[in-house]
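The values are calculated or read from the model by the stated rules, or taken from the named source; none is laboratory data. What you see is a predicted model, and the numbers here were worked out from it, not measured in a lab. Note that we place each Cβ from the backbone using ideal geometry, even for glycine, and neighbour counts take in every protein chain shown. Side chains included, ligands, DNA and RNA excluded: accessible areas come from the protein's heavy atoms. Shrake-Rupley method; radii C 1.70, N 1.55, O 1.52, S 1.80 Å.
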Amino acid sequence: MSNIVDPLVGQIAARVRTERERRRWTLAQLAEASGVSQAMISRIERGESSPTAVVLGKLSAAFQLSVASLLALAEGTRSDTEAAAGVRRRTDTAEWRDPGTGYRRRQITGPHFPAEVAEIRLPAGAQVPYPAAAFAFVRQLVWVLDGRLTFHDGDTVHELDAGDTIELGEPAERVFVNTTDAECRYAVILTRGAQP
């Protein structure tokens with residue numbers, strides 16, 4: 001999928017730039033805090049490149065936000081009148097696609113809802129790692145809806161089938177893996193807090 005076609009590329013670009021500028025960070029400071037090159041951050045901020053889920057994980061960790069929060073904030077750049085309570089049609093909700101793995105993410109809740117709920121579709125054979133810092137200051141639950149998810153929570157590996165859930169504890173490096181030959185669909189439910 002071409003990065004230019006993804007409707008969220010511009011919104012992600014604006015959100016990354018806004019978060020960096022809010023902290024009064026230079027590109028070099030964000031690069032050092034995240035481990036993402038200045039050149040890549042610059043391309044992302046200009047909307048020339050869609051970050052992979054791994055890069056988003058590193059950037060969100062540097063900002064002390066979850067990936068879900070960073071993407072929800074990007075999607076929340078629409079006007080407040082569009083974010084009002086009520087029905088959100090599937091066709092009106094943008095879906096972000098990781099250009100590296102084909103991982104797809106759709107925000108279910110609006111930017112003013114007190115919990116963030118996202119639907120994830122992890123293709124067969126895909127693997128998405130996140131640094132521990134991406135899970136700081138959040139409470140998160142993963143709920144497998146269809147398929148099988150191999151979830152690495154630090155050094156512990158969990159095999160989760162449809163209907164299974166896992167509540168995440170203290171921040172740790174985590175990897176979402178689909179070792180099967182079919183797509184895995186799961187929901188991530190997240191709330192912010194002082195401690196996970």
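Quick notes
- Hey, ALA31 touching a helix residue (DSSP H, G or I) at 6+ places or on another chain (Cβ under 8 Å) and among the hydrophobic types (A, V, I, L, M, F, W, C) or not: yes
- All conditions but one from (1) out of contact with any Gly (no Cβ under 6 Å at 6 or more places or on another chain); (2) of a type in the set (Ser, Thr, Tyr); (3) within 23 Å of LEU65 (Cβ to Cβ) apply to THR156; the one that does not is (3).
- Pairs, first touching a residue at least 60 places away in the same chain (Cβ under 8 Å) in the stretch 101-120, second assigned to a strand (DSSP E or B) and polar (S, T, N, Q), C-beta under 6 Å, six or more apart: ALA115/THR191; ALA118/GLN107
- Of residues in the stretch 100-116 being within 15 Å of TYR130 (Cβ to Cβ) and open to solvent by less than 20 Å² (accessible area, probe 1.4 Å), the one farthest from the chain's Cα centre (by Cα): TYR103
- For the criterion of being modelled with pLDDT under 75 and among the small types (Gly, Ala, Ser), ALA83 passes.
- Residue selected from the stretch 128-151 under the condition modelled with pLDDT of 95 or more, under 19 Å from ASP181 (Cα atoms) and not aromatic (Phe, Trp, Tyr), by the criterion surrounded by the most Cβ atoms within 10 Å (Cβ to Cβ): LEU149
- Unique residue being open to solvent by 10 Å² or more (accessible area, probe 1.4 Å), modelled with pLDDT under 95 and of a type in the set (Ser, Thr, Tyr) when the list is THR165, THR191, THR156, THR180: THR191
- Note on the stretch 23-54: among residues that are modelled with pLDDT under 90 and part of a helix (DSSP H, G or I), the one that is surrounded by the most Cβ atoms within 10 Å (Cβ to Cβ) is ALA53.
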